[in-house]
Amino acid sequence: MKPIFPPKLQPGDKVMICSPSDSLHFMSQEMRSIAHDRLKSLGLDVVYSQHAEEWNEFDTSSVESRVSDLHQAFADPSVTAIIAAFGGYTSHQLLAHLDWGLIRDNPKIVLGFSDITALQNAIFTQTGLVTYSGPNYAEIGQKLHFEYTFRYLKACLIEDSPIHVQPSDTWSDDNWYTNQEDRTLIPNSGPLPITP
């Protein structure tokens, strides 16, 4: 199967925030404001899928709602990219219900990681559409220390020149979403030695 590369983002393009796994309901207003403003700074129009806020006892929404939102996003010619709100553990529930022909015939950027990887792998396997493993909408809402990720996000989704990835000077494994002001960064000590 020949890979399908979605068009890069241009100023004025519309990106839709969908919740194929955990619900947008759990994202704080502060995180939403930061993420929204960050994407707007790229000249993008940010919209939300109809059921993005819906949630149940499993921190998600019904399969029908999530499938409907994805189908709506792919069918809408004004939507250029789909960004997952969160990861989670339920995106596999959608795979038997997706219209692969609709997705193949309407290639768009699909951005996310964690549980969204199951959805991305299925999209590529079934349609050839190349997706992007990168920050969910929630991670785009990080207040501090997002510059490195944001630089490569722009390089991947907007720019056409070759990308030369340089390691970050620091990294984190903190629960940044519980307190945006109290962050702990770890110096990058370089690549691990390769042992036989």
Per residue accessible area of the stretch 134-196, 1.4 Å probe, in Å²: 71
Where Rh is the Kirkwood radius over Cα pairs, Rg/Rh for the stretch 1-66: 1.06
Cα-derived Rg to Rh of the stretch 85-145, Kirkwood definition: 1.01
Longest exposed-site-free window of the chain, the sites being GluC sites (Glu not before Pro) in a DSSP loop that have at most 10 other C-beta atoms within 10 Å: 58-180
Euclidean distance of C-alpha centroids, the stretch 111-167 and the stretch 23-91, integer Å: 15
Apportionment of accessible area to carbon and sulfur, the chain, percent (1.4 Å): 55
Solution diffusion estimate, µm²/s, Stokes-Einstein, the stretch 1-134, Kirkwood Rh from C-alpha pairs, 25 °C, viscosity 0.890 mPa s: 166
Net dipole in debye of the stretch 47-194 [+1 Lys, Arg Cβ; -1 Asp, Glu Cβ; about Cα centre; nearest 20]: 440
Positive dipole terminus of the chain, leading residue within Ala155, Phe113, Met27 (C-beta point charges): Ala155
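The values are calculated or read from the model by the stated rules, or taken from the named source; none is laboratory data. Small disclaimer: the values here were computed from a predicted structure and weren't measured. Cβ: placed from backbone, ideal geometry, glycine included. Neighbour counts: every protein chain shown. Quick note on the areas: whole protein, heavy atoms, side chains included, nothing else; ligands and nucleic acids left out. Shrake-Rupley method; radii C 1.70, N 1.55, O 1.52, S 1.80 Å.
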